[in-house]
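The values are calculated or read from the model by the stated rules, or taken from the named source; none is laboratory data. Here the structure is a predicted model, which is why all the values come from computation and not from measurement. Don't worry about glycine lacking a Cβ; one is built from the backbone with ideal geometry, like all the others, and counts go over all protein chains shown.
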Number of protein chains: 2
Amino acid sequence: MARQKSGERITIGDVAALAGVSRATVSRVMNGLATVDRSIADRVLAAAKQLNYMPSVAARSLALGRTHTVGYVVPDLTNPAFHGAMRGLSLAAAKQHYRVLVADTAEHAEEEPILAIETRRRCDALVLCAPRMPQDELLRLLPELAPVVLLNRDAGDESTPLLGIDWASGVRDLVRHLVGLGHRRIAYLAGPPSSASNTDRLKGFESLRDAIDLVQIPCGAMFSDGHAAAGQVLDSDVTAVIAFNDVVALGLLGALHELGVQVPGQLSVAGFDDIPFAAFTSPALTTASVPQLELGELAWQRLWAMLNGERPEHSVVFRPRLVARGSTGQASD
Amino acid sequence: MARQKSGERITIGDVAALAGVSRATVSRVMNGLATVDRSIADRVLAAAKQLNYMPSVAARSLALGRTHTVGYVVPDLTNPAFHGAMRGLSLAAAKQHYRVLVADTAEHAEEEPILAIETRRRCDALVLCAPRMPQDELLRLLPELAPVVLLNRDAGDESTPLLGIDWASGVRDLVRHLVGLGHRRIAYLAGPPSSASNTDRLKGFESLRDAIDLVQIPCGAMFSDGHAAAGQVLDSDVTAVIAFNDVVALGLLGALHELGVQVPGQLSVAGFDDIPFAAFTSPALTTASVPQLELGELAWQRLWAMLNGERPEHSVVFRPRLVARGSTGQASD
DNA sequence: TTGTAGGCGTTATCAC
DNA sequence: GTGATAACGCCTACAA
């Protein structure tokens, strides 16, 4: 009985030899092409199984021009806001036997384009989340990245699918909610100035200029930013705070608790995203909820369409859903 | 001037033609081999730049037998406990121009082995986090997966590097801490019965049988599990609870808050992992802290060594560090 | 120092 | 229905 050279990788040739057929036939069988005689197919399958044959991914990629991999590029892999989409993408892609390659730009905004390109070259398509990349740079990059779908941020480019969030709408909902509770003077813990979604939120506030008294406090996008901002918040004499996102809001909540400030008794707090933790803190966090998992799934649908030469489904902009929880209440002043 | 066929991929041949050299020379230049004449190298570089040439990843993989990718297999991509290690791995690997392919087993324990193998075939090495895989199955799998490093769980196999956690030690620290605060009757919200690390924790409790009065409550590994366990915890008449992990602990905290139970006034709560949120909840969570990010970095070091045919650094078992925060206090009863 | 030629493991296009 | 054979794009002895 034919035996493969020990220690070396088993190739399609080994299987062909064992089964007494050509490599082409083995290939056909492995790929489920129906044009093969049943008895031969069985023989090939048996041989493959006996040798524990597994096709070389690299060789297939080269021959087919497809890697069966999609990239997921985000600014920070530890940010919970990106996890839902990552999982949605990963699970959806897995159904078509695609895998996800992750890339963390580690907040180095300058290297983002290079990293995106680098990642794209190993994949068939890309999901790009680049909230801080300058618009013109992004636009220049897009053609080189295609097929690509944009997450959470518009590039003003019709031809690349966008899965966006209407942050301004979320701001309006949150503010309306707070105003309904009697709040007038509200602080906004702003995200990174270079963040496109921060700009969107600010537009939302802009449209409400008459309804409330807004205090803008420069902050950031992370726990520690929210935590550090507590002092300024208290000094600002507001009755409610809207944080750039849930992570920031939770950072603030923690600091307020340490300082003995009652939430929502003395201060109401709200965020964006509805990360999994938001529902379980004490008090639970009021937030403008974003369907993260779905974002990832939809991203895959669009990628899949483009990979098959079809036109991707419509771009969509989700309107956040207000989820009122314990962290917001009647204005105290 | 030579012009590449429009629309098609630019290959090493195009660059060679433009520079007037052989493909071999281009290859040498692109790979930084010093044995090339300076002027020729410059010409090649210029040609490559002009054509915006980028080597085909698939072709290199096939020729080199290396994908420059490592896999990261976890049960649930949304579990914060895995994010730190993922980022540590990703960032460390990036320095050697390696990328990370993620795979989410979606809690389907049965498919875990297949998924691991499938993932491994696209990569040069694997970081495997398979807390629920039966020991014998894992042992059988390991040779097929090598080079591989195990995260958070021992397989009893000397030859595969392990980055583990001494959960029993963490249990002891937590219990000692609680006993020091006057607690005697303590509940343990157990993780999934099939979880190896749950078994480890139970061993820790076992060794303390005389010191405390332990109430074991079947629970799980997720928010909702902790949240749902609140009733049983209260019925059990304990003064302190140690949860399977921080996520469970936070779920419990949320439920207790809803029920108006004071923490730590009426009940002390502690967890494992020290996920980023733990420090920012109210009250902040006492926990047995695990160096997640470092785990990922060390995993990469070991993988890197093995990829270079070297012997990997020692396996290490981290002893969790007790981080006492607001969620634990003097026993009330 | 540079070029030639063969190989990496598949798939796809032909004949047969 | 099946088998040669030529891609796929790169790397690397080996020869020059």
Qualifying residue in the stretch B:21-32 (condition: among the charged types (D, E, K, R), assigned by TED's automatic domain parsing to the domain that holds B:R140 and more than 24 Å from A:R60 (Cβ to Cβ)): no
Is it fair to say B:A2 is outside the structural domain of B:A125 (by TED's automatic domain parsing), modelled with pLDDT under 95 and either away from DNA strand C (no atom under 14 Å from the Cβ) or surrounded by 16 or more Cβ atoms within 10 Å (Cβ to Cβ) (or both)? yes
Of the residues that make up the stretch B:299-315, is at least one at pLDDT 95 or above and within 14 Å of chain A (Cβ to nearest Cβ)? yes
How about the stretch B:151-184: which of its residues are in a strand (DSSP E or B) and touching a Ser or Thr at 6+ places or on another chain (Cβ under 6 Å)? B:L162
Evaluate the following for A:I40: is it surrounded by 15 or more Cβ atoms within 10 Å (Cβ to Cβ) and within 9 Å of DNA strand D (Cβ to nearest atom)? yes
Counted residues in the stretch A:296-329 being crowded, with 24+ Cβ neighbours inside 10 Å, outside the structural domain of A:V127 (by TED's automatic domain parsing) and out of contact with any Leu (no Cβ under 6 Å at 6 or more places or on another chain) come to 1
So if I check each of B:A116, B:A46, which one is assigned to a helix (DSSP H, G or I) and within 16 Å of DNA strand C (Cβ to nearest atom)? B:A46
Check on B:T25, over 21 Å from A:G71 (Cβ atoms), within 14 Å of chain A (Cβ to nearest Cβ), within 16 Å of DNA strand C (Cβ to nearest atom) and more than 37 Å from the chain's Cα centre (by Cα): no
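For (1) within 16 Å of B:A196 (Cα to Cα); (2) surrounded by 23 or more Cβ atoms within 10 Å (Cβ to Cβ); (3) acidic (D, E), each residue gets a yes or a no:
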| position | (1), (2), (3) |
| --- | --- |
| B:M133 | yes, yes, no |
| B:L139 | yes, no, no |
| B:L142 | no, no, no |
| B:A146 | no, no, no |
| B:L150 | yes, yes, no |
| B:E158 | no, no, yes |
| B:P161 | no, yes, no |
| B:W167 | yes, yes, no |
Take the stretch B:70-84 and flag every residue that is within 10 Å of chain A (Cβ to nearest Cβ), under 10 Å from the mean Cα position of the chain (by Cα) and small (G, A, S). B:G84
Would a scan of the stretch B:278-295 turn up a residue that is over 24 Å from B:S169 (Cα atoms), outside any strand (DSSP E or B) and in the same structural domain as B:A92 (by TED's automatic domain parsing)? no
Quick one: would you say A:T35 is within 7 Å of DNA strand D (Cβ to nearest atom) and either over 42 Å from the mean Cα position of the chain (by Cα) or outside any helix (DSSP H, G or I) (or both)? yes
Spans of helices (runs of 4 or more DSSP H) in the stretch A:187-277 with at least 2 residues within 14 Å of another protein chain (Cβ to nearest Cβ) and surrounded by fewer than 19 Cβ atoms within 10 Å (Cβ to Cβ): A:223-228
Of the residues B:L18, B:L101, only one is part of a helix (DSSP H, G or I), out of contact with any His (no Cβ under 8 Å at 6 or more places or on another chain) and either closer than 24 Å to A:R120 by Cα or within 14 Å of DNA strand D (Cβ to nearest atom) (or both); which? B:L18
Does B:L62 meet the test of being assigned to a helix (DSSP H, G or I) and more than 16 Å from DNA strand D (Cβ to nearest atom)? no
Here is a check on your reading of the model: is A:A41 in a helix (DSSP H, G or I), without any contact (Cβ under 8 Å) to a residue 24 or more places away in the chain and not assigned by TED's automatic domain parsing to the domain that holds A:D124? yes
Answer yes or no: is there a residue in the stretch A:160-174 that is β-branched (V, I, T) and over 26 Å from the mean Cα position of the chain (by Cα). no
What about A:A93, is it within 13 Å of chain B (Cβ to nearest Cβ), more than 16 Å from A:M306 (Cα to Cα) and either part of a helix (DSSP H, G or I) or aromatic (F, W, Y) (or both)? no
Of the residues in the stretch A:96-121 that are small (G, A, S) and facing chain B (nearest Cβ under 10 Å), the one that is surrounded by the most Cβ atoms within 10 Å (Cβ to Cβ) is A:A103
Would you say A:A243 is closer than 16 Å to A:W167 by Cα and of a type outside the set (V, I, T)? yes
